[in-house]
């Protein structure tokens, strides 16, 4: 069983984070330049999310199975979660089939330097948005209200 | 320092012998099928190499069900589709590709459609999209450069959308690589030099890249040693079987090295230059190799110092920095020698690149997927002076 108890929680975490990244100019500007449309196919729990950078602003659309994506990335929610902590070596994950990437991989690799700042944002985002128990960089301490 | 993680996987059987390409019965018996389709190009066919292999197959009781000889300078998407259709309709059970990188890559991609059906781009482009082994693929390289006979990658040019598609999958690794120096003796000096420098670049970039491992290092250094010993001789005298053999083995070893540890900025610049100004890949790599080593110098100094010994230079008593510079000098010595032989241009200005096109090369290099694997983080401002120096 994965780290996330249900798809709803995972959706809140990942979609919220993608929206934050999409509104962070230092990252978003480069994503928008790329015109990339990526569909993330997550498993355990299952969730589909499209990040569409083809327009003027980055759009994050959960459950979008119809948009034609340039690249499709498939992985478990745990791998996705660890990726945003900067804990996943993309080449290693692809080699071990922990991630499967369909489409022009060089375009994805090119975006990696652009999204680097997001690694530092993720644990902070989890802490500040009620998902502190998913912050694997620190030992879990229940919030006072819990 | 040891890497935290690495994987080494190469199931491709390699056989080496002068003349082995016409005597493959023992190896093909192990694969266990009888009907092969040949993929090659008209140049290779015109040299009689396809017929030579086909005769050997017939003599050993194997059937050649058909041939596809239309592979162009770049492996093209439309050719892959045509080739796959022909293979299917011929009743073949496996593929033998005879040629350089484009031929081998065309055969690899055609094998996907032959084995799995579907749409090549929508269903399979990308990394590790295949789920099971493909039909048997035997490769007989006729150049010593790409290493494609032992790599898990195929690069296919989509003419309609003007983009290069990457297919990277373990199941693309051929079953058998046949290294027969006789199959490369007709390669002209310019092609010998350029493809040999391509192999050297694979090995050097694999050796200094961030994805390297002790195993890929061993293949890379083995390749570099062989190339430094044999490339000039193979270029000067195409009939020199010892030199041709050394280069074939080196190219395969370099292929094994870089399919595991990737390539970096030299390939980034070469891809950009090839795309913009149609400079052959090996030539572009040869031009950029010493400059790329200089660009990464601070990050890879220790590795370059070791390479000076692998390259046969006398680094005794030198500081690490001086020994490292000696390896770059050794590369320049080699390219200068090939240049003196009239076999290799060593400046961008000599291969039709305009001086006002250098910035575009820097931009293109940064947009190339290989830039991700460079030991030094690349940016246009720092890279441009090295491209200008290569001009």
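The values are calculated or read from the model by the stated rules, or taken from the named source; none is laboratory data. Note that the coordinates shown come from a computational prediction; the quantities given were computed from them, not determined experimentally. Cβ atoms come from the backbone with ideal geometry, glycine included; neighbour counts cover every protein chain shown.
Of all positions in the stretch B:352-360, none carries a residue that is within 14 Å of another protein chain (Cβ to nearest Cβ) and either surrounded by fewer than 17 Cβ atoms within 10 Å (Cβ to Cβ) or not in a helix (DSSP H, G or I) (or both). Selection of the stretch B:23-37 for residues being crowded, with 19+ Cβ neighbours inside 10 Å and either farther than 20 Å from residue B:98 by Cβ or touching a helix residue (DSSP H, G or I) at 6+ places or on another chain (Cβ under 6 Å) (or both) yields only B:37. Filtering the stretch B:366-389 to residues that are away from chain A (no Cβ under 11 Å) and under 17 Å from residue B:275 (Cα atoms) leaves only B:387.
Condition (residue is closer than 30 Å to residue B:215 by Cα, in contact (Cβ under 8 Å) with a residue 40 or more places away in the chain and within 14 Å of chain A (Cβ to nearest Cβ)) applied to the stretch B:74-97: is it met by at least one residue? No, there is no match, as no residue in the stretch B:74-97 is closer than 30 Å to residue B:215 by Cα, in contact (Cβ under 8 Å) with a residue 40 or more places away in the chain and within 14 Å of chain A (Cβ to nearest Cβ).
Listed here are the strands (runs of 3 or more DSSP E) enclosed by the stretch A:26-144 that have at least 1 residues being modelled with pLDDT of 95 or more and more than 14 Å from chain B (Cβ to nearest Cβ): A:37-43, A:47-52, A:59-62, A:71-76.
Being at pLDDT below 95 and either within 22 Å of the chain's Cα centre (by Cα) or crowded, with 16+ Cβ neighbours inside 10 Å (or both) holds for only one residue in B:304, B:344, B:338, B:366, and it is B:366.
Is at least one residue of the stretch B:40-48 touching a strand residue (DSSP E or B) at 6+ places or on another chain (Cβ under 9 Å), surrounded by 14 or more Cβ atoms within 10 Å (Cβ to Cβ) and under 20 Å from residue B:152 (Cα atoms)? Yes, some residue in the stretch B:40-48 is touching a strand residue (DSSP E or B) at 6+ places or on another chain (Cβ under 9 Å), surrounded by 14 or more Cβ atoms within 10 Å (Cβ to Cβ) and under 20 Å from residue B:152 (Cα atoms).
Determine, yes or no, whether residue B:56 is modelled with pLDDT of 95 or more and either in a loop (DSSP other than H, G, I, E, B) or within 14 Å of chain A (Cβ to nearest Cβ) (or both). The answer is no for residue B:56. In the set B:126, B:118, only one residue is within 14 Å of chain A (Cβ to nearest Cβ), closer than 30 Å to residue A:38 by Cβ, at pLDDT below 95 and touching a helix residue (DSSP H, G or I) at 6+ places or on another chain (Cβ under 9 Å); that residue is B:126. The strands (runs of 3 or more DSSP E) falling completely within the stretch B:129-209 that include 1 or more residues that are without any contact (Cβ under 8 Å) to a residue 24 or more places away in the chain and within 14 Å of another protein chain (Cβ to nearest Cβ) map to B:163-168. Looking at B:279, B:331, just one residue is surrounded by 20 or more Cβ atoms within 10 Å (Cβ to Cβ), away from chain A (no Cβ under 14 Å) and assigned to a helix (DSSP H, G or I), and that residue is B:331.
Any residue in the stretch B:256-273 that is more than 30 Å from residue A:93 (Cβ to Cβ) and surrounded by fewer than 20 Cβ atoms within 10 Å (Cβ to Cβ)? No, every residue in the stretch B:256-273 fails to be more than 30 Å from residue A:93 (Cβ to Cβ) and surrounded by fewer than 20 Cβ atoms within 10 Å (Cβ to Cβ).
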